[in-house]
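Data block below; observations after.
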Amino acid sequence: MKTNLQKETFSISSCPSCGSSAIRKIRGKWSGTYRGKTFTVNALEYFDCPNCREKVYPPHAMRRIQESSPAYGKSRAVRRAS
Ligand SMILES: [Zn+2]
């Protein structure tokens, strides 16, 4: 049972990549790939820039992606060496 329903305030008004103010929040199914395997996160909230296709993930979205990723399913001690 999860009880951490606290909302984190995260909003951006312009794209960090191209500076466009057209960037907007999206809530929907998100899919990513890890080592050739596709995994999806349902009802994920993130920001998408229609101008340059940049995607920005709030901290809680990052957490959900990590929780759903096969990379984090096996070992939590994995660090990115890049
Ligand atoms: Zn952009």
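The values are calculated or read from the model by the stated rules, or taken from the named source; none is laboratory data. Because the structure is a prediction, the values reported are computed rather than measured. Don't worry about glycine lacking a Cβ; one is built from the backbone with ideal geometry, like all the others, and counts go over all protein chains shown.
What the table shows:
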quantity	calculated
Single residue of Lys2, Lys55 found to be within 16 Å of the ligand (Cβ to nearest atom) and either modelled with pLDDT under 95 or surrounded by 11 or more Cβ atoms within 10 Å (Cβ to Cβ) (or both)	Lys55
Evaluation of Glu45 against (1) exposed (fewer than 15 other Cβ atoms within 10 Å of the Cβ); (2) more than 9 Å from the ligand (Cβ to nearest atom); (3) not aromatic (Phe, Trp, Tyr) (one fails), failing number	(1)
Tabulated pairs, the stretch 41-61, first of a type in the set (Ser, Thr, Tyr), second within 13 Å of the ligand (Cβ to nearest atom), C-beta under 7 angstrom, 6+ apart or interchain	Tyr46/Lys55; Tyr46/Val56
Count of residues meeting criterion [within 8 Å of the ligand (Cβ to nearest atom) and loosely packed, with under 11 Cβ neighbours inside 10 Å] in the stretch 15-29	0
